[in-house]
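Here's the structure, in structure tokens; my notes come after.
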Amino acid sequence: MSHAKRPTTARLLLNRRRFLQASACGTAALSFWPRIASGAEPPSPTLESLLRDLPYLTPESEFGNVERGKPVPSSLPPQKLKAVGLARETWKLEVVSDPASPAKIRHPLSKDAGSALDWGGLMRLAEQHAVRFLKIMTCNNIGAPLGMGLWEGVPLSTVIWLAKPAGNVRRVSYFGYHNEDPKQIFQSSLPVGRVLETPPGEYPVILCYKLNGEYLTPHRGGPVRVLVPDAYGFKSVKWIQRIVLSNDAFGNDTYAKENNDIDSQMKTFARFVTVPTKPKAGQAIPIVGSAQVGVSGLSKVQYWLSPRDKPPAEDDQFFAQGDWKDAQILPSPTGRAWGGPLKDGKLPQGVLGFDSTGRPKAWPLRYALAQWATVIPGVAAGKYDLRCRTIDENGIAQPLPRPYPKSGHNAIETVELEVVPT
């Protein structure tokens with residue numbers, strides 16, 4: 001039996017680097033196997049090989065890319081990047097009041113006044129305030145994540161307080177460099193409460209300067225970008241250079257103009273990573289997949305294999321009546337098995353959501369990647385539809401509770417599977 005990797009953005013996430021480098025790690029990764037199903041046999045060589053090739057963190061060069069601008073700012077030559085403040089040595093950040101709806105600020109950070117925050121100032125703040133957390137980067141209108149990363153930065157709240165806001169602040173808006181052309185400005189915004197206060201167990205909005213332990217490249221929004229951990233990518237504006245404190249009560253996000261829900265938090269959904277190519281009748285079918293863990297967490301991943309000549313009922317809009325079976329959510333990587341460009345593939349100390357021993361306090365982590373696998377018992381020759389879905393921690397099945405695409409794409413994925421005679 002051969003396997004095909006899905007022709008989706010998930011390929012960028014999961015099939016480029018070896019997740020496990022040693023047989024000891026392979027044994028650990030496969031320890032979940034007896035829990036997949038009652039009486040399950042040990043994994044086939046095919047599935048074992050698939051799991052050994054399953055990375056967790058995505059190398060920077062393999063992230064999916066969503067960029068705006070003509071030309072795209074990251075494509076500018078080095079000298080131009082330096083000239084417009086998109087190099088570390090020339091980067092500056094302003095924190096100012098909105099002239100259209102002013103906030104009270106006692107000490108604006110302004111380029112004209114010579115008080116803007118520069119790279120050296122940001123790094124001095126990082127010595128005391130830097131935070132790190134895992135986040136999956138995803139676009140609300142694309143059906144698969146763009147990449148999984150360990151992000152590092154300084155809380156945006158720390159920098160805002162440098163400007164000494166004194167009142168009339170209801171909204172924080174921000175935008176980055178866009179070719180000095182007002183028509184190309186891409187901006188986003190957040191309620192000031194989301195920026196200044198982070199509930200226990202959540203992650204702060206940050207001014208991000210590192211991905212997987214390395215400084216951001218221009219393609220990833222470097223030298224500095226905003227990163228909003230619970231939100232879709234349009235909230236994490238690249239090439240950030242200006243923060244505006246406003247008394248406006250409403251968001252001014254560019255994405256609002258395209259009928260998007262600009263305050264939508266990430267959704268939970270499952271996707272296939274590897275699927276068999278014409279498995280033989282009666283033989284077990286190994287499947288590997290990924291899941292984006294949204295604001296409501298993840299409790300289960302399920303699959304459903306159904307004959308194509310017996311389609312779902314027309315009134316079963318969300319496939320709730322399907323014969324869904326549980327797959328196995330893989331445990332967290334351990335020790336040196338996180339992959340990516342991290343030194344020895346090992347997470348650094350102090351990652352939010354992890355204890356002092358380097359173990360996650362819960363798994364799967366919200367706003368991060370989960371990986372799953374199953375072996376479907378052999379079936380008769382024929383044509384089938386294979387679907388996968390998630391169940392969140394509220395017990396709600398994908399695509400509910402928010403099935404509307406403009407608040408984040410989470411439609412159930414369907415793969416056509418042909419089982420051939422032996």
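I'm checking my understanding of the structure. Among residues of the stretch 294-309 that are within 21 Å of Val275 (Cα to Cα) and either of a type outside the set (S, T, N, Q) or in a loop (DSSP other than H, G, I, E, B) (or both), which one is most open to solvent (accessible area, probe 1.4 Å)?
Within the stretch 294-309, the subset within 21 Å of Val275 (Cα to Cα) is 300-309.
Filter once more, keeping what is either of a type outside the set (S, T, N, Q) or in a loop (DSSP other than H, G, I, E, B) (or both): 300-301, 303-305, 307-309.
Details: Lys300: 89, Val301: 1, Tyr303: 23, Trp304: 25, Leu305: 36, Pro307: 49, Arg308: 78, Asp309: 125 Å².
Taking the candidates together, the pick is Asp309.
Would you be able to say whether some residue in the stretch 161-181 is in a loop (DSSP other than H, G, I, E, B), of a type in the set (D, E, K, R) and farther than 23 Å from Leu196 by Cβ? First the steps, then the outcome.
Step one: of the stretch 161-181, the residues in a loop (DSSP other than H, G, I, E, B) are 163-164, 168-170, 177-181.
Imposing the further condition that a residue be of a type in the set (D, E, K, R) reduces the set to 164, 170, 180-181.
This time we only want the ones that are farther than 23 Å from Leu196 by Cβ, so: 180-181.
Yes, the stretch 161-181 contains a residue that is in a loop (DSSP other than H, G, I, E, B), of a type in the set (D, E, K, R) and farther than 23 Å from Leu196 by Cβ.
Tell me, please, whether a residue that is open to solvent by 50 Å² or more (accessible area, probe 1.4 Å) and of a type in the set (A, V, I, L, M) can be found in the stretch 135-149. Steps first, answer last, please.
Of all residues in the stretch 135-149, those open to solvent by 50 Å² or more (accessible area, probe 1.4 Å) come to 141-142.
In the following step, the residues that additionally are of a type in the set (A, V, I, L, M) were identified as 142.
Yes: one or more hits.
Considering each of Val169, Val192, Val205 in turn, give the residue that is open to solvent by 20 Å² or more (accessible area, probe 1.4 Å), in contact with a Leu (Cβ under 6 Å, 6 or more places away or on another chain), within 26 Å of Ser101 (Cβ to Cβ) and modelled with pLDDT of 95 or more.
Details: Val192 fails: in contact with a Leu (Cβ under 6 Å, 6 or more places away or on another chain); Val205 fails: open to solvent by 20 Å² or more (accessible area, probe 1.4 Å).
Result: Val169 is the single residue among Val169, Val192, Val205 that is open to solvent by 20 Å² or more (accessible area, probe 1.4 Å), in contact with a Leu (Cβ under 6 Å, 6 or more places away or on another chain), within 26 Å of Ser101 (Cβ to Cβ) and modelled with pLDDT of 95 or more.
Could you figure out which of (1) open to solvent by less than 50 Å² (accessible area, probe 1.4 Å); (2) aliphatic (A, V, I, L, M); (3) touching a helix residue (DSSP H, G or I) at 6+ places or on another chain (Cβ under 7 Å) isn't true of Val131?
Only one criterion in (1) open to solvent by less than 50 Å² (accessible area, probe 1.4 Å); (2) aliphatic (A, V, I, L, M); (3) touching a helix residue (DSSP H, G or I) at 6+ places or on another chain (Cβ under 7 Å) is unmet by Val131, namely (3).
Considering only the stretch 319-341, how many residues are part of a loop (DSSP other than H, G, I, E, B), in contact (Cβ under 8 Å) with a residue 24 or more places away in the chain and either among the small types (Gly, Ala, Ser) or touching a strand residue (DSSP E or B) at 6+ places or on another chain (Cβ under 7 Å) (or both)?
Step one: of the stretch 319-341, the residues part of a loop (DSSP other than H, G, I, E, B) are 319-324, 327, 330-341.
Now restrict to residues that are in contact (Cβ under 8 Å) with a residue 24 or more places away in the chain: 319-320, 322, 324, 327, 330-341.
This time we only want the ones that are either among the small types (Gly, Ala, Ser) or touching a strand residue (DSSP E or B) at 6+ places or on another chain (Cβ under 7 Å) (or both), so: 319-320, 322, 324, 327, 330, 332, 335, 337, 339-341.
The number of residues fulfilling the criteria is 12.
Looking only at residues in the stretch 359-372 that are in contact (Cβ under 8 Å) with a residue 12 or more places away in the chain and over 14 Å from Tyr56 (Cβ atoms), which one is surrounded by the fewest Cβ atoms within 10 Å (Cβ to Cβ)?
For the stretch 359-372, the residue satisfying everything is Arg359.
Restricting the search to the stretch 400-422, which residues are out of contact with any strand residue (DSSP E or B) (no Cβ under 7 Å at 6 or more places or on another chain) and not polar (S, T, N, Q)? Break it down into steps so the answer makes sense when it comes.
Keep residues of the stretch 400-422 that are out of contact with any strand residue (DSSP E or B) (no Cβ under 7 Å at 6 or more places or on another chain), which gives 400-409, 411, 421.
Leu400, Pro401, Arg402, Pro403, Tyr404, Pro405, Lys406, Gly408, His409, Ala411, Pro421 - these are the residues of the stretch 400-422 that are out of contact with any strand residue (DSSP E or B) (no Cβ under 7 Å at 6 or more places or on another chain) and not polar (S, T, N, Q).
Could you pull out the residue among Pro218, Pro182, Pro223, Pro229 that is farther than 26 Å from Ala291 by Cα and in contact with a Lys or Arg (Cβ under 8 Å, 6 or more places away or on another chain)?
Working: Pro218 fails: in contact with a Lys or Arg (Cβ under 8 Å, 6 or more places away or on another chain); Pro182 fails: in contact with a Lys or Arg (Cβ under 8 Å, 6 or more places away or on another chain); Pro229 fails: farther than 26 Å from Ala291 by Cα.
After ruling out the rest, the residue left standing is Pro223.
I need the full set of residues from the stretch 353-379 which are of a type in the set (A, V, I, L, M, F, W, C) and touching an Asp or Glu at 6+ places or on another chain (Cβ under 9 Å), in order please. Walk me through it before giving the result.
Going residue by residue through the stretch 353-379, those that are of a type in the set (A, V, I, L, M, F, W, C) are 354, 362-363, 365, 368-370, 372-373, 375-376, 379.
Across the stretch 353-379, the qualifying residue is only Val375.
The values are calculated or read from the model by the stated rules, or taken from the named source; none is laboratory data. These numbers come from a predicted model, not from an experiment. Note: ideal-geometry Cβ built from the backbone for every residue, glycine included; neighbour counts use all protein chains shown. The protein model used for the area step is the full one, side chains on, heavy atoms only, and it has no ligands, DNA or RNA in it. Shrake-Rupley method; radii C 1.70, N 1.55, O 1.52, S 1.80 Å.
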